[in-house]
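The structure appears below as structure tokens.
The values are calculated or read from the model by the stated rules, or taken from the named source; none is laboratory data. Since the model is a prediction, treat every value here as computed from it, not as a measurement. Neighbour counts are summed over all protein chains in view; Cβ atoms, including those assigned to glycine, are modelled from backbone coordinates with ideal geometry.
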Amino acid sequence: MKKKIITIVGARPQIIKSSAISRAVSGVFKNDLEEVIVHTGQHYDENMSKVFFEEMMIPVPNYNLNVGSGSHGSQTAKMLAGLEEIFLNEKPDVVLVYGDTNSTIAGALAASKIHIPVVHVEAGLRSFNKAMPEELNRISCDHMSTMLFTPTRSGIDNLVKEGFKMDILEGASINAPHVYHCGDIMFDNSIHFSEISDEKSTILSALNLEADTFVLCTVHRDSNTDRKESMESIFQALLDIAENSGLKVVLPLHPRTKAKMHTQLSADLIASITKSDMIKVIPPAGFLDIIALEKNARIIVTDSGGLQKESFFFEKPCVILRPETEWVEIVENGNAILADCDYDRIINAFNSLLTRDDFTFPVLYGDGKAAAFICDKIVTQL
């Protein structure tokens, strides 16, 4: 008898991550698992959600809660109510959640409260900054989960420090959770979609870009977009990088950032960005286009956790627009530098990475078969 998985997605990275699991479920595990996909609607912009399902041939969600934007409390509350109703009707064997968003914590809490096992993919990651809502979400979710799958050795170390045991022999349960080092499902996706991107993406020609002649930048975290001084610092640094390095800056603009630019940036800075031939502000890009941009950029500048890892997957240096990161391995290995939203640190990090030619890219994130590993453990251990 097949086990029913309800997969919860709500933000762009989760939609992308879920494609790896969906491929495994519909392929090797088609006789063992049935997947029901629930989209919370946390990211409701069409370019930020629908396009990813279409591009990656992910099954259309069985449910969409359409919660939209809102405060953390109101958004999470709407999700809790909608998800609990779906869980009671569908009666899944397991609920699978990804990462650290409000969709993640809502799915884990709604499921665990009614005794449905929770599987957390990307467990164990820590920034050690509880001022970040994402940090609270990921810690809480881990401690409500029955199976925890971490992409890194540091994730395992973090969970051990929090009291999780690695030698449990009994069946997995919320009181005796199983913890696994599985590698990163985004590495699975990067391998799978890289060739498809080469075949299908036309974004480089559309933007008249050549390899290694541009910087790819994304900014979306509210810690950067909601503070005027942070936005001013980041965008002034991007403008100066574009004008002084000879590299164009390509900026796929997140809806939050687009809305905030006109309130958080000075009129003079907006005018300079608009007039510059070296800065290309574009709408949110689909995943195949993002891969093409990542593979061909000289350097990536981002506050996105996903792009930090993908920069490593595609062997690109990365300036991280955050004071800390859960992906500590790429910083420790010298592939990325933490610059926060500080102008001088951003410029110095960029210049340092631009002039280096001795990067190494050891195996940090598994063998590209994380999704199959996860599905196998759900089938055999639950």
Pair list, Cβ < 9 Å and 6+ apart or interchain, from segment 102-120 residues that are under 21 Å from Tyr180 (Cα atoms) to residues that are among the charged types (D, E, K, R) and assigned to a loop (DSSP other than H, G, I, E, B)
Thr104/Glu122; Ile116/Lys91; Ile116/Asp93; Pro117/Asp93
If we scan segment 154-163, do we find a residue that is touching a Cys at 6+ places or on another chain (Cβ under 8 Å) and part of a loop (DSSP other than H, G, I, E, B)?
no
Among the candidates Ser205, Ser190, Ser194, residue that is of a type outside the set (Asp, Glu), in a helix (DSSP H, G or I) and either without any contact (Cβ under 8 Å) to a residue 40 or more places away in the chain or within 20 Å of Tyr343 (Cβ to Cβ) (or both)
Ser205
Qualifying position, being at pLDDT 85 or above, within 23 Å of His192 (Cα to Cα) and outside the structural domain of Pro283 (by TED's automatic domain parsing), among Lys91, Lys17, Lys78, Lys50:
Lys17
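Test Ser145 against the stated conditions and say whether it is hydroxyl-bearing (Ser, Thr, Tyr), under 19 Å from Gly163 (Cβ atoms), in a helix (DSSP H, G or I) and not assigned by TED's automatic domain parsing to the domain that holds Gly306.
no
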Taking segment 324-350, which residues are free of Cβ contacts under 8 Å to residues at least 24 places away in the same chain and not in a loop (DSSP other than H, G, I, E, B)?
Val331, Glu332, Ile337, Leu338, Asp344, Arg345, Asn348
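Quick one: in segment 219-262, which of the residues that are of a type in the set (Lys, Arg) and in contact (Cβ under 8 Å) with a residue 40 or more places away in the chain is farthest from Gly286 (Cα to Cα)?
The qualifying residue farthest from Gly286 (Cα to Cα) is Arg227.
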